[in-house]
Amino acid sequence: MLELNIQSKEHDEARQGEALLLKNDLLINNSRKLYIESYGCQMNFADSEIVASILFDHGFETTGTFNDADVIFINTCSIRENAEQRVRKRLTDFKTAKSQNPGMIIGVLGCMAERLKSKFLDEEKLVDLVVGPDAYRDLPNLIGKVEEGSREVNVLLSREETYADISPVRLNSNGITAFISIMRGCDNMCSFCVVPFTRGRERSRSAESIVKEARDLFEAGYREVTLLGQNVDSYKYKADDKEDGAVISFADLLAMVADVDPLLRVRFSTSHPKDLTDDVLYTIAKYSNICNSIHLPVQSGSSRVLDLMNRTYTREWYIDRINAIRKIVPNCGISTDIISGFCTETEQDHEDTLSIIDLVQFDYAYMFTYSERPGTLAAKRFEDDVPEETKKRRLTEIVNKQRSYSLKRLESQVGKTHKVLIEGFSKRSDQDFCGRNDQNAMVVFPVVDSYKIGDYVTVIGETCTSATLIGKIIE
Ligand code: 5AD
Ligand code: SF4
C-alpha cells in the first residue's frame, strides 16, 4: 500500500520502527538485557519508555542489538495493515536469533496484542508473550512465568490504568525533548479506526503527576515536552481530594505545565476538531512557551464522508475551527492527517478534500490510503469499495498538492527570524545544528561554538526545502 507523508525526515524516522537504545549510565548494574523496538504513533514510543521503566526496576538494562538480548519486545501498531506485515517480518528475524539462543524471550506488546494473540502465540508459535497496552505492570510476573516454561498472555484493557506513578526511562533521548502521556484510550469511535478497540476507553492521568513529570524533566535539563493523547482536548481530571468539584480541563493543564518554567517549551498532540475549544487557543496565545502549532486531523474535506467516518463535524465546522485558530493564534502552524479512498468516496468527495487543502494551506500533513481494519465500525457497516489504484491516484494528487503548500509555507518563513531550541546535530552534518521553531518547522543552521544543544537561539531563515528551513544564528 502506498503511504506517504512529507513531514521532515527527522520526524519521519521518529515514527518508524527503530531500535531504542537506553542512555543511562545508572543502569550498568542491571544484568538482564532488554531490546525493545517500537512502531507507530508517539504514544507507542512513550509506552516503550514505561515498559523500560518497569523492567529497569526488575533488573534489566537495554541493549541496541537484539542478538545480545535476554528479552526482545516489539511494541506494535495496528492502525494500518502494512504495519502488521512489518511486525510479522521482524518476528521471523527474532525467531532466527532465538534458534541460536533458546533462553531468549520474545514478546509482542501494544495494539496488535489483542487481535493477533492466538495467531502469534499458538498457531505460528512466533512469540512467548503477548501483552496489551494496559497490562505492562504485569510484565515482570509474566516474564517469570515464561522462564518457567509457559506461554503467557495479558491483553486486559483497563478503565483506570494511566501509569501515572511510573517515571518513564527516556529511550533514544536527546536529553532535551520528551513526550508525556496525559491520557490513554479513545472514546470517539471514528469508523475507520481501530484505536478504541486496541487501547480501550479514554481516561485522563492526574494533573499533579503530569506537572511533576514536566518539572522533573526540566530539572534534568529537558527544555521541551509534548503532551500526548489520542484526543487531548477531551482531557479532564478531577482530583479525589478536591471538594469543590473543580475539573481540570486541557486548557487548565496546558497552563499548569507552561507555568513550570518559561524556558520549558510545551507542545501537544493530537487535537480533535470537534473538541478544540477557544479556551485552549486563548491559553496558547497567552503563554509564549506554549508552541504555536496544532495538529488537527481533517481526514476528509467532504461532509458526507466525514459523517460516514463518524467524525461528528462537518467541513464547515472544521473551517470554523481553522478561522478561530488564525484569529486567536495568528502565526500558528497547522498540520493534519488525511485519508484517501474511504468507503464510497466519489471524485466529488475527493475534490472536496483537495479544495480544503487549498483553503487551509497546511504546514504539513500525514496522508494515507484507507486501510480496512477488522472489527471497526466501517469494516462492519460499509464495503471497502474504492479500488486500490483509485485510492493511490487520489493520494498522489493529495500529496502533490500538500507538498506545494508545505514549500510555500516554509518559503514564507525565509527572511524572518525564528526562536529555535537546539535539539542536536543535523542528520547530514555535525557542522550543523537542528531544532524546531515555534510552528514546528525543522530548522537547520551552522554550528556556532558559543551555543550548545538545549540552548534557545534566534535563527534567520535563508532558504528552504519542502520539509526544512535552512538559516543561520543571529543571536
Ligand atoms: N486507514 C488509513 N488511515 C488510518 N488512520 C487511522 N486509521 C486508518 C485506517 N484504517 C490515520 C488517520 C489518523 C492517523 C493517526 O492514522 O488519519 O488520524
Ligand atoms: Fe482513532 Fe478517531 Fe480516536 Fe483518533 S479520535 S484515535 S482517529 S477513534
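The values are calculated or read from the model by the stated rules, or taken from the named source; none is laboratory data. Keep in mind it's a predicted model, so treat the numbers as computed, not measured. Please note: Cβ atoms are built from the backbone with ideal geometry, for glycine as well, and neighbour counts cover all protein chains shown. The accessibility values were calculated without ligands, DNA or RNA, using every heavy atom of the protein model including side chains. Shrake-Rupley method; radii C 1.70, N 1.55, O 1.52, S 1.80 Å.
Go through the range 197-240 and give me each residue that's within 16 Å of ligand 1 (Cβ to nearest atom), open to solvent by 10 Å² or more (accessible area, probe 1.4 Å), closer than 18 Å to GLN42 by Cβ and assigned to a helix (DSSP H, G or I).
THR198, ASP233, SER234
For the range 304-345, filtered to residues that are farther than 27 Å from THR376 by Cβ and not hydrophobic (A, V, I, L, M, F, W, C), the residue that is farthest from the chain's Cα centre (by Cα) is LYS327.
Close contacts from the range 264-285, counting a first residue that is in the same structural domain as ASN44 (by TED's automatic domain parsing) and a second that is open to solvent by 10 Å² or more (accessible area, probe 1.4 Å) and within 16 Å of ligand 2 (Cβ to nearest atom), with Cβ to Cβ under 6 Å and a gap of 6+ residues or different chains, come to none at all. Output the residues belonging to the range 160-217 that are acidic (Asp, Glu) and either free of Cβ contacts under 8 Å to residues at least 40 places away in the same chain or within 16 Å of ligand 2 (Cβ to nearest atom) (or both). If the condition is that a residue be acidic (Asp, Glu) and either free of Cβ contacts under 8 Å to residues at least 40 places away in the same chain or within 16 Å of ligand 2 (Cβ to nearest atom) (or both), then ASP187, GLU202, GLU208 are the ones that fit.
Residue count for the range 92-125, restricted to those that are over 20 Å from GLY375 (Cβ atoms) and either touching a helix residue (DSSP H, G or I) at 6+ places or on another chain (Cβ under 7 Å) or β-branched (Val, Ile, Thr) (or both): 7. Filtering the range 174-196 to residues that are open to solvent by 30 Å² or more (accessible area, probe 1.4 Å), part of a loop (DSSP other than H, G, I, E, B) and more than 16 Å from ligand 1 (Cβ to nearest atom) leaves only ASN174. Looking across the range 266-303, the residues that are touching a strand residue (DSSP E or B) at 6+ places or on another chain (Cβ under 8 Å) and within 27 Å of LYS380 (Cβ to Cβ) come down to THR270, PRO297, VAL298, GLN299, SER300. For the range 116-139, the tally of residues that are open to solvent by less than 30 Å² (accessible area, probe 1.4 Å) and either of a type in the set (Phe, Trp, Tyr) or in a helix (DSSP H, G or I) (or both) stands at 5. Entry remark, the range 322-344: residues being within 16 Å of ligand 1 (Cβ to nearest atom), touching a strand residue (DSSP E or B) at 6+ places or on another chain (Cβ under 9 Å) and either over 20 Å from ASP233 (Cα atoms) or open to solvent by less than 20 Å² (accessible area, probe 1.4 Å) (or both) number 8 in total.
Scanning the range 313-320 for residues that are open to solvent by less than 20 Å² (accessible area, probe 1.4 Å) and in contact (Cβ under 8 Å) with a residue 60 or more places away in the chain turns up nothing. Of all residues in the range 375-409, exactly one satisfies the criterion of being in a loop (DSSP other than H, G, I, E, B), within 10 Å of ligand 1 (Cβ to nearest atom) and not polar (S, T, N, Q), namely ASP384. Flag: ASP430 does not match the condition of being under 26 Å from ASN172 (Cβ atoms), open to solvent by less than 60 Å² (accessible area, probe 1.4 Å) and of a type in the set (Asp, Glu).
Taking the range 80-91 as the search range and keeping residues that are modelled with pLDDT under 90 and open to solvent by less than 80 Å² (accessible area, probe 1.4 Å), which one is nearest to SER371 (Cα to Cα)? Ranking the qualifying residues of the range 80-91, first place goes to ARG80. Residues satisfying the criterion are present in the range 245-252 (criterion: open to solvent by 60 Å² or more (accessible area, probe 1.4 Å), in contact with a strand residue (DSSP E or B) (Cβ under 9 Å, 6 or more places away or on another chain) and not charged (D, E, K, R)). For SER158, which of the numbered conditions (1) within 19 Å of MET43 (Cα to Cα); (2) assigned to a helix (DSSP H, G or I) fails to hold? Checking SER158 against (1) within 19 Å of MET43 (Cα to Cα); (2) assigned to a helix (DSSP H, G or I), the one that fails is (2). Take PHE368 and decide whether it is under 25 Å from LEU410 (Cα atoms) and within 15 Å of ligand 2 (Cβ to nearest atom). It is true that PHE368 is under 25 Å from LEU410 (Cα atoms) and within 15 Å of ligand 2 (Cβ to nearest atom). For the range 284-312, a residue qualifies if it is open to solvent by 30 Å² or more (accessible area, probe 1.4 Å), of a type in the set (A, V, I, L, M) and within 14 Å of ligand 2 (Cβ to nearest atom), and exactly one does: LEU308.
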